Ligand code: NAD
Ligand code: GLY
């Protein structure tokens, strides 16, 4: 990816209550960390949290960017992977913060994918009932989704993200150059969340993605910057409308996720990356939308084509329809055993629908499970 040291876009997230914050999107922009930190405090200590893989590429760049603000910087480098989003990691981060706590302000900076962002974010959300957080996402998923909107969490053995808090960051620095080292499978997994925004909120964006998906997968920097910006604008719109996920507006971001969670659970979280499960989950949800009479014929085929073009699965391997339906009915988000799905009304418009007949879900899964 070409280095041009430029902020290409600035998107403002407006969750209300004077907590507006910028998302800066560009290439080679770790130096922007200086102003992000100085805008919070000129007399501070920063705990820069990352994972081993990401740190090997970008810790020094991030450290240099922050150092420009004259901050005292300490680092905590975690092992990589979802397993780290646990109480031990949380306790480790909290202990580090307590050990750094003096007369200066404390800031957490999370450099990495959604795992680092969620765990470090949860530590920032809870230490002293909340200290400033800067997100520096380095996966596509984190750039367009997890770093924006304030959801932070760790996992329990009983389920993912069960202990968490809403805590909006003070700034999000999206340095797109970091995506150059992302394994192709992670890039494709992140693409699931990108195309999801089009399906649920923006038909024109979907049409654009349909034409340019190859350029995006090839990390064309102009395309990628514009696409990440659009996703962040759409997420910012949802967060403004329903920050706490209580009004139904934020729920549409779960398009494909009811199927995806069942698929991930059935396969023990090993076979599929989350984005891959979301890919096939969106295909299932679109077909269900057609069968429920909400989406015109042809809509589901369009969803399937774009998911497939991203290199994401469109079939479910190694899980039976009955098993998946059972898992969906036991999902913590299911109300009273009634199946609820985010369904499409058209490409670009979605809504949460309760009480979908099991026979429709079963028909979709029979076609998709191989
Ligand atoms: P991740 O953080 O595990 O990153 C995936 C892998 O890519 C890791 O091995 C990581 O070390 C590596 N990596 C990251 N950036 C890299 C880079 N630039 N170059 C090379 N390797 C790199 O996974 P993820 O997909 O980013 O995030 C998944 C997590 O996000 C899940 O825990 C999920 O629950 C959470 N999530 C949170 C929200 C939210 O709103 N808070 C939304 C969606 C997902
Ligand atoms: N990723 C779902 C949300 O932010 O609500």
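Read-outs throughout are calculated quantities, based only on the coordinates presented, and are distinct from any laboratory measurement. Values in this document were obtained by computation on a predicted structure and should not be read as measured data. Cβ coordinates were reconstructed from backbone atoms using ideal geometry, including for glycine residues, and neighbour counts include every protein chain displayed.
For the range 44-141, what size does the Cα cloud have along each of its three principal axes, sorted from largest down, in whole Å?
Principal extents (Cα only, largest first): 34, 30, 18 Å.
As a test of the definition: which semi-axes, in Å, follow for the range 1-54 when you take the square root of five times each eigenvalue of its alpha carbon gyration tensor? Largest first, please.
Square roots of five times the eigenvalues give 21, 18, 12 Å.
Using a Gaussian network model of the chain with C-alpha springs under 10 Å, which one of 223, 323, 290 is most mobile by mean-square fluctuation?
Between 223, 323, 290, it is 323 that shows the largest mean-square fluctuation.
What residues from the range 100-124 fall in the zone where the backbone N is under 16 Å from a label point 7 Å along the Cα-to-C-beta line of residue 57?
So the set is 111-117.
With a Cα-only, solvent-free Debye model of the chain, what are the log10 I(q)/I(0) values at q = 0.13 Å⁻¹?
The Debye formula, applied to the Cα set alone, gives -1.01.
Among 135, 74, 168, which one shows the highest mean-square fluctuation when the chain is modelled as a Gaussian network with alpha-carbon springs under 10 Å?
The residue that fluctuates most here is 74.
Specify the angular offset, from 0 to 90 degrees and rounded to the nearest 10, of the alpha carbon long axis of helix 321-330 from the longest principal axis of the alpha carbons in the chain.
Its long axis makes an angle of about 50 degrees.
Using only alpha carbon pairs under 8 Å that are at least six residues apart, calculate the relative contact order of the range 302-370 and give it in whole percent.
35 percent
What length, rounded to one decimal in nm, is gained on full extension from residue 329 through to residue 75, with 0.36 nm per residue of separation minus their alpha-carbon distance?
87.2 nm
In whole percent, what relative contact order does the chain give with Cα contacts below 8 Å and a gap of six or more residues?
Averaging sequence separation for qualifying contacts and normalising by length gives 15 percent for the chain.
Relative contact order (percent) for the range 206-315, with alpha-carbon contacts under 8 angstrom and 6 or more residues of separation?
20 percent
To the nearest 500 deg cm²/dmol, what mean residue ellipticity at 222 nm is calculated for the chain from DSSP H runs of n ≥ 4 alone, each contributing -39,500 (n - 2.57), summed and divided by the residues?
The helix contribution divided over the chain gives -14000 deg cm²/dmol.
Can you give the % of DSSP beta bridges in the chain that are antiparallel, to the nearest 5?
40 percent
Please find, in a Gaussian network model of the chain (springs between Cα atoms separated by less than 10 Å), the residue of 114, 337, 311 whose mean-square fluctuation is greatest.
337
Please state, to two decimals, what the Cα-based radius of gyration of the range 177-303 comes to when divided by 2.2 N^0.38 Å (N = residues).
1.08
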